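Undergrad: My questions will all concern the structure given below.
The values are calculated or read from the model by the stated rules, or taken from the named source; none is laboratory data. Quick caveat, the model's predicted, so the values are computed rather than measured. When we count neighbours, we look across all protein chains shown, and the Cβ atoms used for this are built from the backbone with ideal geometry, even at glycine.
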Ligand SMILES: Cc1cc2nc3c(=O)[nH]c(=O)nc-3n(C[C@H](O)[C@H](O)[C@H](O)COP(=O)(O)OP(=O)(O)OC[C@H]3O[C@@H](n4cnc5c(N)ncnc54)[C@H](O)[C@@H]3O)c2cc1C
């Protein structure tokens, strides 16, 4: 068995624009005075474009550009930060759903993945299959009360070492290495995993739209959430804040609790 020092978070994908398509659309509606800001992420430019499309507010009203402008709009808000700030303040959250970010979480427990997959709206998951992947080495991450207590650490070590041996014993018992049929091996592997601990380190790929990530970050970094998921989602929050500062401009980390909260919740 091995101890996982810290579960790892990797940002592996995020929404990008298809410039030709967006340019063509802007030309077709009369070539308004708006272009994606090259200093802003594609992800956030797309959210702004979605909002401007909704209100036909690419620029202030121009009777020569009836498809790009709106007679109700005499002045438009310029700049991605201000535009997204207004979207967030007015809770026009659906436009955030066009943009997504994908993470791989490595060395997270099945406790964490079971909690995470409860978030359904706007989320997609692919989890390491323990029907296909046979366990031979077990890794676990130790929560703080275990890290701080030598007897508890010893208990974890003894039990997980034993369960690792159980995996190997079952493999020997069923002589799985000499079985040719993958179907049979899968059936057996699937059975073996029942005797693995739920603290077992595993890997999950998770994609969420930015509206969903904002919700998950607020819920899962709250002091009420479990230590492991708080730490992992906290890492996701830090990455989102760096990558998409305008879309997360109203989220801040409370220095006291380390929870990520919406600025308007600050007391
Ligand atoms: C601290 C903590 C303790 C928890 N304890 C428990 C527990 O003891 N037992 C347990 O079973 N779960 C528990 N949970 C899980 C929790 O109940 C939710 O299932 C989980 O957090 C997913 O969040 P969500 O419901 O906001 O779903 P998401 O899929 O993240 O949805 C986001 C939002 O979309 C809306 N939405 C989504 N689906 C629907 C729908 N079908 N109908 C209407 N609106 C919808 C809701 O407004 C929801 O808040 C806990 C969660 C936390 C953070």
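Undergrad: Given the criteria surrounded by fewer than 19 Cβ atoms within 10 Å (Cβ to Cβ), at pLDDT 95 or above and within 16 Å of the ligand (Cβ to nearest atom), does residue 98 qualify? First the steps, then the outcome.
TA: Numbers: surrounded by fewer than 19 Cβ atoms within 10 Å (Cβ to Cβ): yes; at pLDDT 95 or above: yes; within 16 Å of the ligand (Cβ to nearest atom): no.
Judged against the criteria, residue 98 is not a match.
Undergrad: Can you report the number of residues in the range 111-125 which are under 15 Å from residue 101 (Cβ atoms) and out of contact with any helix residue (DSSP H, G or I) (no Cβ under 8 Å at 6 or more places or on another chain)? Outline the logic, then answer.
TA: Our first condition is that a residue be under 15 Å from residue 101 (Cβ atoms); within the range 111-125, this holds for 116, 119, 122-125.
In the following step, the residues that additionally are out of contact with any helix residue (DSSP H, G or I) (no Cβ under 8 Å at 6 or more places or on another chain) were identified as 124.
Total meeting the criteria: 1.
Undergrad: Considering each residue of the range 234-258, count those that are touching a residue at least 40 places away in the same chain (Cβ under 8 Å), within 16 Å of the ligand (Cβ to nearest atom) and closer than 22 Å to residue 143 by Cβ, and give that number.
TA: 1
Undergrad: Another question, then. Inside the range 143-172, can you point out the residues that are under 12 Å from residue 197 (Cβ atoms) and in contact with a helix residue (DSSP H, G or I) (Cβ under 7 Å, 6 or more places away or on another chain)?
TA: 156, 163, 166, 167 - these are the residues of the range 143-172 that are under 12 Å from residue 197 (Cβ atoms) and in contact with a helix residue (DSSP H, G or I) (Cβ under 7 Å, 6 or more places away or on another chain).
Undergrad: Turning to a different aspect of this structure: Can you name the residue in the range 120-172 that is part of a helix (DSSP H, G or I) and within 20 Å of residue 182 (Cα to Cα) and is also farthest from the ligand (Cβ to nearest atom) among such residues?
TA: So in the range 120-172, the residues part of a helix (DSSP H, G or I) come out as 144-147, 150-172.
After this cut, where a residue has to be within 20 Å of residue 182 (Cα to Cα) as well, the list is 167-172.
Details: 167: 29, 168: 34, 169: 34, 170: 31, 171: 34, 172: 38 Å.
Filtering first and then ranking leaves 172.
Undergrad: Is there a residue being in a helix (DSSP H, G or I), over 16 Å from the mean Cα position of the chain (by Cα) and surrounded by fewer than 20 Cβ atoms within 10 Å (Cβ to Cβ) anywhere in the range 211-226? Don't jump to the end; show me each part of the working.
TA: Narrowing the range 211-226 to residues in a helix (DSSP H, G or I): 211-220.
Add one more test, that the residue is over 16 Å from the mean Cα position of the chain (by Cα), and what stays is none.
There is no residue in the range 211-226 that is in a helix (DSSP H, G or I), over 16 Å from the mean Cα position of the chain (by Cα) and surrounded by fewer than 20 Cβ atoms within 10 Å (Cβ to Cβ).
Undergrad: Of these, 204, 239, which one is surrounded by fewer than 22 Cβ atoms within 10 Å (Cβ to Cβ), under 21 Å from the mean Cα position of the chain (by Cα) and closer than 24 Å to residue 89 by Cβ?
TA: The unique qualifying residue is 239.
Undergrad: Additional query: Can you tell me which residue among 198, 229 is crowded, with 19+ Cβ neighbours inside 10 Å, at pLDDT 95 or above and within 16 Å of the ligand (Cβ to nearest atom)? Steps first, answer last, please.
TA: Working: 198 fails: crowded, with 19+ Cβ neighbours inside 10 Å.
From the options 198, 229, the qualifying one is 229.
Undergrad: Here is a follow-up. Any residue in the range 209-228 that's on the phi < 0 side of the Ramachandran plot: show its pairings with residues that are within 6 Å of the ligand (Cβ to nearest atom) and in a helix (DSSP H, G or I) at Cβ separation under 8 Å, as long as the two are six or more apart or on different chains.
TA: Correct list of pairs: 225/219.
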